[in-house]
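The values are calculated or read from the model by the stated rules, or taken from the named source; none is laboratory data. For clarity, every value in this text was computed on a predicted model and none was experimentally measured. Heads up, the Cβs are rebuilt from the backbone with ideal geometry, glycines too, and the neighbour counts pull from every protein chain shown.
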Amino acid sequence: MRFAEPVALALAGLLAVSAVGWVRLHGRKHGPRHAKTHASAPLATVLRVPHAKGPVVVDGEFEDPAWRDAALSGAFLDAAGAAARPHSEMRLLWDETGLYLALYAADENIEEKDPVPDGPLWKADSFHLVFEGDGEERQLDIAPHGAVTDGLRRGGGAVDYTWQSGARVGSDVDGTVNDRSDDDEEWVEEVALPWKALGLQGKAGEQVTVRASRCDVPKTGVKSCGSVRYRLVLAGPEALP
């Protein structure tokens with residue numbers, strides 16, 4: 001699975017919903033690595049998440065027709081409000097079973113360290129997701145090949161890593177992991193989160209805030225980070241056939 005970087009945002013620095021699409025292409029090469037230090041998240045912007053108009057197969061391919069109507073985050077932004085490099089973005093959908101996320105990471109040097117469930121995935125490439133609501137933070141770190149570390153923080157206390165989200169993940173990696181002798185391209189994740197994990201019922205009008213971030217260290221060793229923060233609103237399935 002290969003995707004081209006989308007066109008530049010019309011207004012750099014704003015979290016407007018981008019009309020950017022992911023195109024399946026070959027030969028795009030980008031760069032770097034994720035750590036537990038994440039970029040400062042901007043203020044939440046409302047993003048309406050469409051109801052899926054068909055089934056979503058969680059296989060990391062994003063070829064299901066339902067993804068064509070997904071909400072788009074646009075490029076993750078750096079601390080200055082500009083599009084972060086290397087490029088990262090996400091798509092979102094929902095149905096009665098849960099929330100779906102499609103995560104894209106351009107990367108010239110894909111790395112994984114101890115990619116086992118509930119391990120310290122943030123020591124290498126990973127996405128970091130935090131869902132906020134009712135004084136709780138539900139956190140997920142996702143490595144390139146789909147390993148997940150999930151945790152629950154209540155009232156600003158310590159993260160409870162015994163909590164299990166029940167997330168299902170499909171991944172696709174274009175590159176040779178942990179090999180700096182060549183140039184990698186990208187990795188993508190398709191994630192299905194059950195509503196119970198988010199404290200929601202899966203009904204139109206429900207809301208949850210999500211912070212998504214990714215930090216990356218290229219072969220040059222200069223770390224760069226990007227993040228987005230949205231208040232997700234579940235749009236109704238009125239358009240379903």
Exercise for the section: From the list Gly166, Gly151, Gly170, Gly156, pick out the single residue that is at positive phi, at pLDDT 95 or above and small (Gly, Ala, Ser). Expected result: Gly166
Exercise for the section: Could you tell me whether any residue of the stretch 212-220 is in a strand (DSSP E or B) and of a type in the set (Ser, Thr, Tyr)? Expected result: yes
Completion exercise
Filter the stretch 36-52 for residues that are under 15 Å from the mean Cα position of the chain (by Cα) and of a type in the set (A, V, I, L, M); the one that is modelled with the lowest pLDDT is Ala39
Handout entry: Matching residues in the stretch 99-123 - criterion: being at positive phi and touching a helix residue (DSSP H, G or I) at 6+ places or on another chain (Cβ under 8 Å)
Key = Asp114
Fill in the blank from the handout: Flagged in the stretch 84-99 as more than 23 Å from Glu185 (Cβ to Cβ), among the hydrophobic types (A, V, I, L, M, F, W, C) and assigned to a loop (DSSP other than H, G, I, E, B), in numbering order, are none
Practice task
Within the stretch 94-104, identify whether any single residue is surrounded by fewer than 21 Cβ atoms within 10 Å (Cβ to Cβ), in contact with a strand residue (DSSP E or B) (Cβ under 8 Å, 6 or more places away or on another chain) and over 28 Å from Ala66 (Cβ atoms), and answer yes or no.
Solution key: no
Problem - Candidates Tyr100, Tyr104 - the one that is under 14 Å from the mean Cα position of the chain (by Cα), over 29 Å from Val222 (Cα atoms) and modelled with pLDDT of 95 or more - result: Tyr100
Handout entry: Matching option when the condition is over 29 Å from Trp163 (Cα atoms), modelled with pLDDT under 95, surrounded by 16 or more Cβ atoms within 10 Å (Cβ to Cβ) and more than 15 Å from the chain's Cα centre (by Cα), among Leu9, Leu14
Key = Leu9
Exercise for the section: For the stretch 86-100, enumerate the residues that are in contact with a Ser or Thr (Cβ under 6 Å, 6 or more places away or on another chain) and either among the charged types (D, E, K, R) or free of Cβ contacts under 8 Å to residues at least 60 places away in the same chain (or both). Expected result: Glu89
Exercise for the section: Would you mind stating whether Val58 is β-branched (Val, Ile, Thr), under 30 Å from Lys219 (Cα atoms) and modelled with pLDDT of 95 or more? Expected result: no
Exercise for the section: Those residues that are of a type in the set (Lys, Arg) and touching a strand residue (DSSP E or B) at 6+ places or on another chain (Cβ under 7 Å), I need them from the stretch 166-193; list them, please. Expected result: Arg168
Practice task
Only residues that are touching a residue at least 24 places away in the same chain (Cβ under 8 Å), more than 15 Å from the chain's Cα centre (by Cα) and not in a loop (DSSP other than H, G, I, E, B): list them for the stretch 53-83, please.
Solution key: Ala66, Asp69, Ala83
